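Reviewing the structure listed below.
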Amino acid sequence: MLEDMDFIKSCDVPGPTKEAIRAIILYKSDVKYSDNVVDVGCGTGGITCEFAQRAKNVTSIDINPEAIEITRKNLEKFGLEENVTLICDDGVKALNDIDNIDIAIIGGSGSKLENIIELIDSKLNSKGRIIITAILVDTKVEAVNKLKELNYNPKIMEVNISKGRVLDRGIMMMSENPIAIISAKKRRLMGDYKNG
Ligand code: SAH
């Protein structure tokens, strides 16, 4: 895992998603070296950089040009730019031209979450995985409801991480903001079962 403090940051771009959260996303995604990954709302590239090390290729999208620039710098810093494509555009527009997705991470969507989930669903391979990180309660509800509507069986976990600050007289635990990780797997079609 990369360390939070090693990422280049910007006050105009949120992220990186904290290390412990990135670790949970990685294990929930069950990423393999043959996977095509999409990171919608890549921010500083926190998640992009982790998947770049473990997947076949990563397509990272952000509507904010500064986010794309910071992601590029972080990829260069860690020597991970080889299998990553960066797209500066709205997730909805960019996804129209992307197919064959094994894993989709949605870390930012503005007011377009439902649209983005629908598009990803239509491009997701059988057994593909969708993972959404959400800080707002409203986003959590919207994500779960949309996935249910599309016949997924979404799982949601709320993660509260506290890290210790070691002081002279003891250890003070400092909490980070809670974040929900919503994950879902594409269901196999009946035909897939018949064909093994
Ligand atoms: N996971 C990232 C942080 C994501 S912050 C990291 O580890 O650094 C959310 C990002 O989503 C922001 O950079 C924002 O610009 C982007 N975003 C919001 N709405 C978007 C949309 N409709 N299309 C593409 N990107 C979007």
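The values are calculated or read from the model by the stated rules, or taken from the named source; none is laboratory data. Please read these numbers as outputs of a predicted model, since none were measured by experiment. All Cβ positions, even for glycine, are placed from backbone atoms using ideal geometry, and neighbour counts span all protein chains on display.
Against the numbered list (1) outside any helix (DSSP H, G or I); (2) away from the ligand (no atom under 12 Å from the Cβ), T133 comes up short only at (2). For segment 68-89, a residue qualifies if it is farther than 16 Å from D6 by Cβ and among the aliphatic types (A, V, I, L, M), and the qualifying residues are I68, V84, L86, I87. Count of segment 141-152 residues, restricted to those that are touching a strand residue (DSSP E or B) at 6+ places or on another chain (Cβ under 7 Å) and either surrounded by 20 or more Cβ atoms within 10 Å (Cβ to Cβ) or over 17 Å from I25 (Cα atoms) (or both), is 3.
For segment 46-88, residues that are of a type in the set (K, R) and in contact (Cβ under 8 Å) with a residue 40 or more places away in the chain total 2. The lone criterion from (1) in contact (Cβ under 8 Å) with a residue 60 or more places away in the chain; (2) more than 16 Å from the ligand (Cβ to nearest atom); (3) in contact with a strand residue (DSSP E or B) (Cβ under 7 Å, 6 or more places away or on another chain) left unmet by S126 is number (3).
Only one of the numbered conditions (1) closer than 24 Å to T71 by Cα; (2) touching a Lys or Arg at 6+ places or on another chain (Cβ under 7 Å); (3) at pLDDT 95 or above is not met by E114, and that is (1).
So which residues in segment 57-72 are over 16 Å from the mean Cα position of the chain (by Cα) and either in a loop (DSSP other than H, G, I, E, B) or within 12 Å of the ligand (Cβ to nearest atom) (or both)? Once the filter is applied, which keeps residues that are over 16 Å from the mean Cα position of the chain (by Cα) and either in a loop (DSSP other than H, G, I, E, B) or within 12 Å of the ligand (Cβ to nearest atom) (or both), segment 57-72 yields N64, P65, E66, E69, I70.
A Cβ distance below 9 Å, combined with a sequence gap of six or more or placement on separate chains, defines the contacts here; from segment 148-167, residues that are farther than 29 Å from K185 by Cα and touching a residue at least 60 places away in the same chain (Cβ under 8 Å) reach no residue that is surrounded by 12 or more Cβ atoms within 10 Å (Cβ to Cβ) and of a type in the set (D, E).
Close contacts from segment 30-45, counting a first residue that is under 11 Å from A104 (Cα atoms) and in a strand (DSSP E or B) and a second that is within 13 Å of the ligand (Cβ to nearest atom) and of a type in the set (F, W, Y), with Cβ to Cβ under 9 Å and a gap of 6+ residues or different chains, come to V37/F51; D39/F51.
The residue of segment 89-114 that is surrounded by the most Cβ atoms within 10 Å (Cβ to Cβ), among those that are of a type in the set (G, A, S) and within 12 Å of the ligand (Cβ to nearest atom), is G91. Residues in segment 84-92 include at least one that is part of a helix (DSSP H, G or I) and out of contact with any Leu (no Cβ under 7 Å at 6 or more places or on another chain). Among the residues making up segment 1-29, those that are without any contact (Cβ under 8 Å) to a residue 60 or more places away in the chain, part of a loop (DSSP other than H, G, I, E, B) and closer than 20 Å to E76 by Cβ are M1, E3, D12, P16.
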